[in-house]
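Undergrad: Before we start, here is the structure in question, set down as structure tokens.
The values are calculated or read from the model by the stated rules, or taken from the named source; none is laboratory data. Predicted model, so just to flag it, every value in this text is computed and none were measured. As a convention, Cβ positions derive from the backbone with ideal geometry for all residues, glycine included, and neighbour counts pool all protein chains shown. These area figures cover heavy atoms from the full protein model, side chains too; ligands, DNA and RNA do not enter into them. Shrake-Rupley method; radii C 1.70, N 1.55, O 1.52, S 1.80 Å.
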Amino acid sequence: MSRRHTPAATGLAAAEVVMRRMPVLWWGILNPSASAQAEMTRMVVEKQMAMIEACAAMQVEMVRMMMAPFSAGSAERMMQAALAPAARRVKANVRRLRRR
């Protein structure tokens with residue numbers, strides 16, 4: 001993995017996404033609208049897709065580890081592969097929600 005996502009940056013971005021989505025969610029509960037429903041659906045679907053992508057990326061890294069079982073940093077690469085889809089989505093959500 002050439003792109004590394006630090007836990008601190010991802011955690012801060014996740015906290016900002018939660019902070020920016022809470023008013024939308026509360027308003028969507030009190031006054032349902034198409035945009036609030038779309039945001040709630042987007043939240044669920046993106047988590048499912050990130051999980052699928054993480055599983056696939058981990059499987060690719062496991063195959064690479066089997067090809068070179070004693071290579072240095074293979075566990076680190078597997079962890080980064082698993083976290084990358086969620087980190088990308090969190091950072092994309094921060095950019096998208098800041099524009100609102």
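Undergrad: Given R₀ = 22 Å, what would the calculated FRET efficiency be for Ser35 paired with Arg88, taking r from the Cβ atoms and rounding to 0.05? Mind dumping the intermediate values first?
TA: Details: r = 23 Å, r/R0 = 1.07.
For R0 = 22 Å, the calculated efficiency reads 0.40.
Undergrad: Okay, next question. On average, how much accessible surface per residue is there in the chain, in Å², for a 1.4 Å probe, leaving out ligands, DNA and RNA?
TA: Working: 6930 Å² over 100 residues.
Per residue, the chain has an accessible area of 69 Å².
Undergrad: Now for a different question. Any idea how far the Cα center of segment 5-49 sits from the one of segment 85-100, in Å?
TA: Cα centroid to Cα centroid, the span is 10 Å.
Undergrad: Report, in debye and to the nearest 20, how large the dipole of the chain comes out about its Cα centre when Lys and Arg carry +1 and Asp and Glu carry -1 on their Cβ.
TA: Numbers: 16 positive and 6 negative charges, 97 e Å.
Roughly 460 debye, rounded to the nearest 20.
Undergrad: With a 1.4 Å probe and every protein chain kept in, tell me what percent of the accessible surface of the chain is carbon plus sulfur. Spell out each step's value before the answer.
TA: Details: 4900 of 6930 Å².
Carbon and sulfur: 71 percent of the exposed surface of the chain.
Undergrad: Follow-up. If you keep only loop residues by DSSP, which chymotrypsin sites (Phe, Trp or Tyr not before Pro) in segment 1-78 have at most 14 other Cβ atoms within 10 Å of their Cβ? Intermediate values should be presented prior to the final figure.
TA: Numbers: sites: Trp26, Trp27, Phe70; in loops: Phe70.
For chymotrypsin sites (Phe, Trp or Tyr not before Pro) across segment 1-78 that sit outside H, G, I, E and B with at most 14 neighbouring Cβ atoms in 10 Å, the list reads Phe70.
Undergrad: Quick one: accessible surface of Met40, probe radius 1.4 Å, all protein chains present, in square angstrom to the nearest 10.
TA: Here the accessible area works out near 60 Å².
Undergrad: Which value in Å is the Kirkwood Rh of the chain over different Cα pairs? Walk me through the numbers before you get to the answer.
TA: On the way: mean 1/r = 0.0660 Å⁻¹.
Hydrodynamic radius (Kirkwood, Cα pairs) of the chain is 15.2 Å.
Undergrad: Restricting to DSSP loop positions (anything but H, G, I, E, B) with no more than 16 other Cβ atoms inside 10 Å of their own Cβ, which trypsin sites (Lys or Arg not before Pro) remain in segment 1-68?
TA: Numbers: sites: Arg3, Arg4, Arg20, Arg21, Arg42, Lys47, Arg64; in loops: Arg3, Arg4.
Filter output for segment 1-68: Arg3, Arg4.
Undergrad: Roughly how many nanometres apart are two label points built 7 Å out from the Cα toward the Cβ at Met22 and Met49?
TA: 2.7 nm
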